[in-house]
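Comments concern the structure below.
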Amino acid sequence: MPALFSRRRQQRNDDDLQLEERDLSWLEKVARAPHQEPWSVTILQYAWTAGPVTLLAAFAGYYIGYGTMMPLDRTLYFIGYSIVAIGMGLFTKLMYNVTHGRKVNKDKNNLLSIIDRIPEIIYMVRDLAQRNMAEDARRIHSAGILLRKLDLGPEWVSTAVEDITGDPKLARKAEQIEIFRRAGLYHRMRDIVHEVSEETERYHKELKELHPRIAEALKSRLSGIVARPHEGQPREPLFIERILTASERDNEELMTLHDVEEILILCFELICGREISWLKIEYTGRWDLAKALDKLEEERNDFRISRARVYSRLKALTTWLHNVDVQNDIITGHGLSPQKLLTAATESLDNLSLQVRQARDLTRKTGKHVMALNIKRKQLDKAIQLYNEAHRAYLKQGRDSDKLKRALKHWQKLSTLYQQNPAENFKRSLTISEQSIELDDDTRMEVANRLEEFLKESRLRRESYRTHSPLSPAQKDLTETRAREVAIEVATILDPYIHLHDPQIQRAIESSNASSLAFLEPGMSAKTKATLGEALAADVDKNLSASAEKLAQNLIRYYRVPLSERTINFLVQTYQADLERLQFIAQFESPMSARYSLDNISPIEVPPAKNNWQIDLYNANKIISKYSSATIHS
């Protein structure tokens, strides 16, 4: 269906990771790309070195014009001009090549340095995130990271399973499963998988309540299933929105350390050549209909962001509460529902408010422990601020829902009118195009240079592992504040090139799988990281099946375009969409009577902050002010 759909075809390689066939020539290519010889230099060089041609042209022109040969004095003039011009051209070319070569080497070193440093910073961020965790939480979180590594050895699997379950027998079985899987003895592996199936289901059910991602990783390992590099790793939803909002609001607590890790992984894979594809639907036709469609898309994006913002604020709140050691069983919140996060946040705030009240009563009775009260008071103050952010996001979601309903009503009214007009070919005015998010050679080099300059100014230590010996004055340790500053700087640098503020770009990035960095290890050489990074970035599948299925649903729901058999076949063959899913959509989404109601969406309701939280905070402030004044007067 060329009239309705357009796309860019791209060859796909299904082979597993092949590092031995890759070299570092891409580094040279990227480093040289921004410094190709300018056209002005090339033109001047040709003009200057064309002295003999100029001399012959002068002879011919003089003879044609005057019918005689050019006099000797003028001939000597042109010969002298040619010699001087050629000399100047060669000298200019030589100087350019000298400075150009230095610039290429500098850019190559900067690119290699960034590729070396980003993974080390990621490891530091992961370790930093565990600093404030309780020992049990740290044990489970670490085991979850291990289980998601692709090249995990049998003994590593055993250690991770035992850390999660505390069952040494199950850990031994997990080690055997991995051994037989690696040996290709799948029937023997399935025997053991069947043997531990009951224990697997039991531990999976227990973990799923608070650690759904770790639960899935454990179940996969105990089932003999290991992800492959071309599948990548799921990204953390809404991490870009949290980072950008933290920057705009000047409130670093709105992002988590896991968000820092995610933006660094995105930056690393883009520098290594990752291309992220996504589908976009466009209308080219009547201006009033196009304007209505643009308004609809704008309101849809705003509403999506509003819904996402509620979840993001709750996630930031629960993560912060856990980090300040308030009673909270949620470690990271990965995969948990908004309702679960809201419940956990409310319970934690109740607990924190009670602690402030008890500390206030103790200080009032004894006149001591003012510092402890002040610490708890600051924690409650910050927690209420973060909770109010979630409540404001919930209120904005309601306003954006009303705007979307109005835009949807206006669009459907116009589109129905034009669809009923035989002279209007509405269907052929819609085009599906495949877009890509990537950095070309020039922008990769610019990003690398800006990041290298920032990291030099920040003076962060280079190695992720640090001994107990003190750092040199020229180096700084990575703190939570510095980690979040790095994330904001990375997002600021990437934004002009890939438009991170665009909700469509955010959705495209977050719906794609990230390149797995499981093969990278702390302390690897920069060239090894560059080779692995380029291989991993190139090996991730371009999977647009989910996007194609969502787009098919929107064609009916919003644009009132029925899914014909040819359209379904196109989406299946081109984007590997699920045939049964598309047929289900075509059957149950009625194109001519679509009435998409936002009332069917049950948004999470975030009520205002409880009065007793505010009262406990107010009373604590009064006690602290009283004792602070007494200290000053004394």
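The table below gives the values:
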item: 13 Å beta-carbon shell around residue 190, net charge (K/R +1, D/E -1); result: +1
item: Sum of side-chain charges, residue 579 neighbourhood, beta-carbon under 12 Å (Lys, Arg +1; Asp, Glu -1); result: -3
item: Accessible surface of residue 281 - all protein chains present, 1.4 Å probe, nearest 10 Å²; result: 30 Å²
item: Charge dipole (the stretch 151-226, unit charges on Cβ, about Cα centre) - positive-most of 170, 193, 211; result: 193
item: Solvent-accessible surface (1.4 angstrom probe) belonging to residue 278, in square angstrom, nearest 10; result: 30 Å²
item: Between the stretch 177-194 and the stretch 143-164, the alpha-carbon center distance in angstrom; result: 16 Å
item: The stretch 151-226: Cα Rg divided by the 2.2 N^0.38 Å rule of thumb; result: 0.99
item: Segment residue 436-residue 588, length gained on full extension (0.36 nm per residue, minus Cα span); result: 51.6 nm
item: Per residue convex hull volume, Cα atoms of the stretch 219-374, in Å³; result: 206 Å³
item: Packing-based order for 497-504, 77-84, using average beta carbon neighbours within 10 Å, highest first; result: 497-504, 77-84
item: Residue 399 accessible area, 1.4 Å probe, all protein chains in place, Å² to nearest 10; result: 140 Å²
item: Simple label model, 7 Å out from Cα along Cβ direction - residue 454 to residue 91, nm; result: 4.3 nm
item: In range of the label at residue 183: residues from the stretch 145-163 whose backbone nitrogen is under 19 Å from the point 7 Å along Cα→Cβ; result: 152-159
item: Accessible area expressed per residue, the stretch 159-232, with surrounding protein chains retained (probe 1.4 Å, Å²); result: 56 Å²
item: Cα centre as origin, Lys/Arg/Asp/Glu Cβ charges: the stretch 151-226 dipole, Debye; result: 240 debye
item: Approximate spin-label separation residue 573-residue 59, in nm, with each point projected 7 Å along Cα-to-Cβ; result: 6.6 nm
item: Residues in the stretch 362-401 that a label on residue 350 would reach, taking backbone N under 15 Å of a point 7 Å out along Cα→Cβ; result: none
item: For residue 476, distant residues with modelled amide H under 5 Å away; result: 460, 461
item: Theoretical gain in end-to-end length, residue 476 to residue 358 [0.36 nm per residue, Cα-Cα removed]; result: 38.6 nm
item: Per-peptide average of other Cβ atoms within 10 Å, ordering 261-269, 372-380, 245-253 highest first; result: 261-269, 372-380, 245-253
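The values are calculated or read from the model by the stated rules, or taken from the named source; none is laboratory data. None of these values were measured; they are calculated from a predicted model. Here the Cβ is made from the backbone with ideal geometry for all residues, glycine too, and neighbour counts use every protein chain on show. Note: accessible area is taken over every heavy atom of the protein model, side chains too, but ligands, DNA and RNA are not part of it. Shrake-Rupley method; radii C 1.70, N 1.55, O 1.52, S 1.80 Å.
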